[in-house]
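Structure first, commentary second.
What follows is calculated from the coordinates using simple rules that are stated; it is not laboratory data. Computed from a predicted model, the values in this text were never measured in an experiment. Glycine also receives a Cβ, built like all others from the backbone with ideal geometry; neighbour counts cover every protein chain displayed.
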Amino acid sequence: MAEIRPFQAVRPAAEFAAQIAALPYDVVSRTEAGQEVEREPLSFLSIDLPQLYDGQTEDIYGRVGELLQERIREGYFIREAYPCYYLYEQSGNGRSQTGIGALTRVDDYRSGVIRRHENTRADKEADRIAHVQACQAQTGPIFLTYRTKQEIRDMTAYIQRTQEPLYDFVSPDGIRHRIWRVSEEEMIERFYEAFETVKVFYIADGHHRCAAAAACAMRLRQQNPSYTGEEPWNYILSVLFPDEELRILDYNRVVKDRNGLTQEQFLQRLEACFTVKKEGPDPVRPSCKGMFGMYLSGQWYTLCLREEYRSPDPVEGLDVSRLQTLVLAPVLGIREPRTDKRIDFVGGIRGTDELKRRADETGGVAFWLYPTSLEELFAVADAGRLMPPKSTWFEPKLRSGLLINSLTQS
């Protein structure tokens, strides 16, 4: 049984919400983040990305913690007077998705009720632990999904139909963001009871934030042996979406060289596992599982996986796994994709022009993948397995700074 809790959010004053809301710290480069903060000084990236202050102060985490408290004091943020749930709708490009902002239990994460599908890196987890400790808050929600429940969808639609949103704005990328507060005791109880019928939550995005929240809770439990379990730090800031509303985009790869192979040698190696077809200068979108687009030396190719190399295994059968096992490791020498500097991961939102640009810069090769499906994600997580790194790109991204879980509130 999964559990969600209402909470007293720290959130922007309505007139500042559009200025504060920002993409997550881990989907923009430091250069992009710096440009965004220069354009909009209130952008939450100024708090979410301590590395912006490298060279300016010895304590970059302390700097962002102080900045958050300063902006609360100055009235850019307010603290909710009582525990609430929040509905968070994102719409654009002809579709929308609506999740519920709430707290989920650290113990549900540790027991597997909240299931993951990716490993975390120790350095990235340490970064978020330091950030939570400095801010005394969880500032970026975990993006969770669950198998759709019609009762929850009906309650969500009722609130959206009968109430005015707290926030309603369009971000620079054209996505409309609306948030409603669920404050009536009866409706809070109904949401709570409806989610009790959900057996499992799945992490869609935010593995490092989730792991960091759990690690901070374990440290605080050691420091406070008389803890009750009701403390805000025993919970994880989350937004939970029904699976039917979500979309996964392709998560693509660019390798900076051909590992010493000539173009002819490289293509010959690929033909052992794929049917290779030259398409010309224009990309051809992968239309099914087992089909890949490849950009090499100004030309696009399609690669179709030969039948004997397909696998029914929930992890080995993923396209990202087949690419890693059959091409990246044995042919291009990328054996540790988490740490190898020769490989870049490019979210599908950036388009094929970005793949071409990066490959052309170094004379490398780009791979355009068919998106991993939610059912594949569920199958891997349910089996207690892990996907290769950078297997899923959910879009649109949740904005940071709109809902904050303060760890110091009563």
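Evaluating 6.51 cos²θ - 1.76 cosθ + 1.60 at θ = phi - 60° for every residue in the range 331-347, the Karplus couplings come out as 9, 9, x, 8, 8, 10, x, 5, 10, 5, 6, 7, 10, 10, 10, 10, x Hz, glycine and proline recorded as x. Dividing the summed helix terms, -39500 (n - 2.57) for each DSSP H run of n ≥ 4, by the number of residues in the chain produces a 222 nm estimate of -9000 deg cm²/dmol to the nearest 500. What's the center-to-center distance, using Cα atoms, between the range 372-410 and the range 317-371 in Å? The distance from the Cα centre of the range 372-410 to that of the range 317-371 comes to 21 Å. For the chain, modelled as a GNM whose springs connect Cα atoms under 10 angstrom apart, the maximal fluctuation among 170, 254, 200 occurs at 170.
Here the dipole of the range 111-169 is about 280 debye; that uses its Cα centre as origin and unit charges on the Cβ of Lys and Arg (positive) and Asp and Glu (negative). By the count of other C-beta atoms within 10 Å, a proxy for reagent exposure, 207, 117 are ordered fewest to most as 207, 117. The ranking of 241, 16 from fewest to most other beta carbons within 10 Å of each one's beta carbon is 16, 241.
Would you mind telling me which residue in 300, 368, 393 has the biggest mean-square fluctuation in a Gaussian network model of the chain, where springs connect alpha carbons within a distance under 10 angstrom? With Cα springs under 10 Å in the chain, the top fluctuation among 300, 368, 393 is at 300.
Toward the positive end of the charge dipole of the chain, with +1 on the Cβ of Lys and Arg and -1 on the Cβ of Asp and Glu, the farthest Cα among 35, 324, 112 is that of 324. With springs only between Cα atoms under 10 Å, which of 348, 101, 260 fluctuates most in a Gaussian network model of the chain? Answer for the Gaussian network model of the chain: 260.
A straight line joining the Cα centroids of the range 104-157 and the range 1-69 runs 18 Å.
Under a model in which nothing but the beta-carbon of Lys, Arg (+1) and Asp, Glu (-1) is charged, the range 249-390 shows a dipole of about 300 debye around its Cα centre. Look at 237, 407 and count the other Cβ atoms within 10 Å of each Cβ; fewest to most, that gives 407, 237. The range 176-199 and the range 219-241 have Cα centres lying 20 Å from one another.
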